[in-house]
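Everything on this sheet refers to the single structure shown next.
The values are calculated or read from the model by the stated rules, or taken from the named source; none is laboratory data. Note that the structure is predicted; figures quoted are calculated from it, not measured. Please note: Cβ atoms are built from the backbone with ideal geometry, for glycine as well, and neighbour counts cover all protein chains shown. Quick note on the areas: whole protein, heavy atoms, side chains included, nothing else; ligands and nucleic acids left out. Shrake-Rupley method; radii C 1.70, N 1.55, O 1.52, S 1.80 Å.
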Amino acid sequence: IERTFSILKPDATTRNLTGAINAVIEKAGLKIVAQKRMRMSLPEARRFYAVHSERPFFGELVDFMVSAPVVVQVLEGENAIAKYREVMGATNPAQAAEGTIRKLFALSVGENSVHGSDSADNAKIEIAQFFSENEII
Ligand code: ATP
Ligand code: MG
């Protein structure tokens, strides 16, 4: 059993897609074991996406992440990290497979509705940034 970290991004919360996206997540067999709606601060968003700080889209990305509430989640299941990446679909919704969250809901490569951890190490780090162990049940 594995855990991954998920964010429903501002384009999703502002379009009332929290429930629709959670339905896709749960249908895929991933269990939502922690969840909260929050407004990310600028320092939190910069820290979260620090690996992309040298990329040309970093400013745009961080501004977007603080532009409206997000829902942060911990998902649990067999191979949760790889499974959620599959359920999310490609970063660019134009390249995302049928039935994936990004194919169904994303607006663009920037406003792409969801984040999911890309490795076990990052899942641990990202979960710890937003949740304490007693909030994960
Ligand atoms: P995430 O980390 O959010 O799960 P990802 O792992 O599929 O997405 P990354 O390469 O880690 O993709 O990029 C992080 C985020 O940065 C993307 O989800 C997207 O919102 C934004 N991003 C990536 N490439 C671009 C781009 N060319 N223009 C604008 N935003 C981008
Ligand atoms: Mg990523």
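A few points about this structure:
- Take every pair of alpha-carbon atoms less than 8 Å apart whose residues are at least six positions apart; their mean separation over the length of the chain yields a relative contact order of 38 percent.
- Over the chain: helical MRE at 222 nm, DSSP H runs n ≥ 4 each giving -39500 (n - 2.57), nearest 500: -10500 deg cm²/dmol
- Per DSSP, loop GluC sites (Glu not before Pro) in the stretch 72-123 with at most 13 further Cβ within 10 Å: Glu78, Glu98
- Under the convention that each Lys and Arg Cβ holds +1 and each Asp and Glu Cβ holds -1, the size of the dipole of the stretch 1-63 around its Cα centre is about 240 debye.
- Unit charges at the beta carbon, dipole of the chain: most positive-side option, Ser132, Gln95, Leu17: Leu17
- Probe 1.4 Å, all protein chains present, accessible-area order of Arg85, Arg47, largest first: Arg47, Arg85
- Centre separation in Å (Cα based) which lies between the stretch 104-132 and the stretch 9-69: 7 Å
- Three-way shape call for the stretch 95-137 based on the alpha-carbon gyration tensor, with the a/c threshold at 1.5: prolate
- Fraction of alpha-carbon pairs over 20 Å apart in the chain - percent: 41 percent
- Of all accessible heavy-atom area on the stretch 12-129, the percent that carbon and sulfur account for (1.4 Å): 51 percent
- For the set Thr91, Thr18, solvent exposure ranked by accessible area (probe 1.4 Å, protein chains only) runs largest to smallest as Thr91, Thr18.
- With all protein chains modelled, accessible area of Asp121 [1.4 Å, Å²]: 120 Å²
- Accessible surface of Phe58 - all protein chains present, 1.4 Å probe, nearest 10 Å²: 30 Å²
- Å² of accessible area per residue within the chain, as computed with a 1.4 Å probe and no ligands counted: 52 Å²
- Cα-centre dipole for the chain with unit charges at Cβ (Lys and Arg positive, Asp and Glu negative), debye to 20: 260 debye
- Note on Val51 and Asn16: their simple-model spin labels are 3.5 nm apart, each label 7 Å out from Cα toward Cβ.
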